[in-house]
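Structure record follows, encoded as structure tokens.
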Amino acid sequence: MAKAKTIFFCAECGASAPKWLGKCPHCGAWNSYQEERIEKETTTETRSKSWSAPGKLDAPRAIPLKQIQTGTTLRLETPDSELNRVLGGGIVPGSLVLIGGQPGIGKSTLLLQVAMQLPAKILYVSGEESEEQIKMRADRIGTFASECYILTETNVSKMLNQALDLQPDLLIVDSIQTLSSPHIESTPGSISQVRECAGELLRFAKETNIPVFLIGHINKEGEIAGPKLLEHIVDCVLQFEGDRHNTYRILRTLKNRFGSTDEMGIYQMQSVGLREVSNPSELLLSQKDEELSGSGVAATMEGLRPMLIETQALVSKAVFGTPQRSATGFDMRRLSMLLAVLEKRCGYFFSMNDVFLNIAGGIRVDDPAIDLSIIASLISSLVDVSIPANICFAGEVGLSGEIRAVNRIEQRIQEADRLGFKAIYVSKYGMKGIDPGRFGIRVMTIGKVEELKGLLFN
Ligand code: TYD
Ligand code: MG
């Protein structure tokens, strides 16, 4: 009997090697190779000849680009407008969408909700929960508008046979790590299984034109477990994130072949499932009666949506030798950079102080326009002078302390105006061709971080 073939795969990038390697030559990761048994491959002889085989003219032919018709594929709109937005306007037929997230963040809830509310025929396959568990969750969420079928199956071939039989309008798989292919010997969740099952699902989606949603687990580094290859295979990668102790959840697009990757959807986890949050600013500004030092408001943009968000800093005397730096929802290195700018350019010293930074709502913000509000919060807490509650900020801070222009400044100003702010601080470089007088709100333009000192902290 032929010896079973084993191959070593890199868990980071999916590269393979016949022997174990300490360092992956492709991605440079250390100690990432894992052994896996795989099926017998076709011999190289048959492979090298396959392309020259005669009688293959029924295969798809190349078509001139200008002859390809567009606008014929209709997207399947879900009743969940946040999800539609993140997908770039509904579900594309035949697409494969991966949703990643930490355990317990609400991935199964989100997709079960879609399965229950989309007026179509849905097949929800779960390898994680029993039918009763799913029914109990469905009862919590409430109303049914769809023809939703539940299947508990982990064998990918059996599952796809059922799907072919049922011909649903959408197939949901919870999760890719529980699936296994009978052609491969390694355990479910291993690299070769994940790769094989995802490949199988991709072929299914493309051949039947049925869209497939896949749930994927996240490893402790916050990346989708299994090879990076999975992210290359699928059409769209969404990440469901949020602080477990907070009720807000964000659905972010990391990759989208059919739309922009700047979009995000916001939800709130409630006892009856996830609720869409269509007006995030009003929730992300903490309601407080008195003005406290260290708190500022940033006018940020997430995708095409303006969002006002509170930044809170606490600067206190360091008790131990090395001062602490801690940031929630903000990049630590960027915080160090902003602190260095404040020390070097404005003469505010933090080296004897602990610095804690928090973005309200447990939300991670990537928009650089939040910098100015963070700088203002840091100074405010250090000098213990509060920032008036009706002021907000939008500006990126550069290494020399200059306030840089940010995109879509008019939209940010309008949103701040709509929410009743009296003044907004923006970069003077970003107001070219825009008349500050035409907004109801006062627009304060500044060019350097130092200017904040005289304007706010005297
Ligand atoms: P779940 O969808 O199982 O998370 P995942 O599939 O990402 O692991 O969500 C689990 C959490 O959501 C659980 O801690 C309970 C909470 N939850 C609610 O608060 N309300 C609800 O209506 C539901 C269904 C779950
Ligand atoms: Mg789950």
Semi-axes of the equivalent ellipsoid of region 293-355: what are they in whole Å, largest first, if each equals the square root of 5 times a C-alpha gyration tensor eigenvalue? 25, 13, 11
Under 8 Å for C-alpha pairs, at least 6 residues apart: give me the relative contact order for region 283-456, rounded to a whole percent. 25 percent
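Leaving out ligands and nucleic acids, and using a 1.4 Å probe, what accessible area per residue does region 283-456 come to in Å²?
I get 45 Å² per residue for region 283-456.
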Please state, rounded to one decimal and in Å, the Kirkwood hydrodynamic radius that region 77-278 gives when every pair of distinct Cα atoms enters the mean of 1/r. 16.7 Å
Taking H placed 1.01 Å from N in the peptide plane, check which residues at least 5 places from Tyr149 or on another chain put their amide H under 5 Å from its amide H. Ile122, Leu123, Tyr124
Sorted by chain and then number, the residues having a modelled amide H within less than 5 Å of the amide H of Arg404, at least 5 places away or on another chain, are Glu396, Val397, Gly398
Whole-percent carbon and sulfur share, accessible surface of region 346-456, 1.4 Å: 51 percent
Starting from the amide H of Gly242, placed 1.01 Å from N in the peptide plane, find each other amide H under 5 Å away whose residue is 5 or more places distant or on another chain. Ile250
What angle, in degrees between 0 and 90 and rounded to the nearest 10, separates the Cα long axis of helix 131-141 from the longest principal axis of the Cα atoms of the chain? 30 degrees
Whole-Hz couplings from phi, Karplus 6.51/-1.76/1.60, listed for region 192-206; x for Gly and Pro: 5, 5, 4, 5, 5, 5, 5, x, 4, 5, 5, 4, 4, 4, 6
Of all DSSP beta bridges in the chain, antiparallel share, percent nearest 5: 50 percent
Arrange the residues Lys317, Lys206 by how much accessible surface each exposes, largest first, with a 1.4 angstrom probe. Lys317, Lys206
Taking all protein chains together and a probe of 1.4 Å, list Phe144, Phe439 from the most accessible to the least accessible. Phe144, Phe439
How large is ³J(HN,Hα) for each residue in region 92-97, as worked out from phi by the Karplus curve 6.51 cos²θ - 1.76 cosθ + 1.60 (θ = phi - 60°), to whole Hz, x for Gly and Pro? 7, x, x, 8, 10, 10
So, over other residues within a Cβ distance under 12 Å of Val355, counting Lys, Arg +1 and Asp, Glu -1, the net charge is 0
In µm²/s, what is D for the chain at 10 °C and 1.306 mPa s, where D = kT/(6 pi eta Rh) by Stokes-Einstein and Rh is the Kirkwood radius from Cα pairs? 63 µm²/s
Determine, at each q value in 0.18, 0.23 (inverse angstroms), the log₁₀ of I(q)/I(0) that the Debye formula gives when each Cα of region 411-458 is one equal point scatterer. -0.58, -0.87
From the backbone phi of region 105-114, what are the Karplus-calculated ³J(HN,Hα) couplings (6.51 cos²θ - 1.76 cosθ + 1.60, θ = phi - 60°) in whole Hz, Gly and Pro given as x? 7, x, 5, 5, 4, 4, 6, 5, 4, 4
Dimensionless Rg over Rh [region 283-456; C-alpha; Kirkwood]: 0.95
If you take every DSSP beta bridge fully contained in region 283-456, what fraction is antiparallel? Give it as a percent rounded to 5. 55 percent
How charged is the neighbourhood of Asp169? Take every other residue with its Cβ under 15 Å from the Cβ of Asp169, and add Lys/Arg as +1 and Asp/Glu as -1. -1
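The values are calculated or read from the model by the stated rules, or taken from the named source; none is laboratory data. Note that this is a predicted model, so its numbers are computed, not measured. With ideal geometry, Cβ positions are generated from the backbone for all residues, glycine too; neighbour counts draw on all protein chains shown. The accessibility values were calculated without ligands, DNA or RNA, using every heavy atom of the protein model including side chains. Shrake-Rupley method; radii C 1.70, N 1.55, O 1.52, S 1.80 Å.
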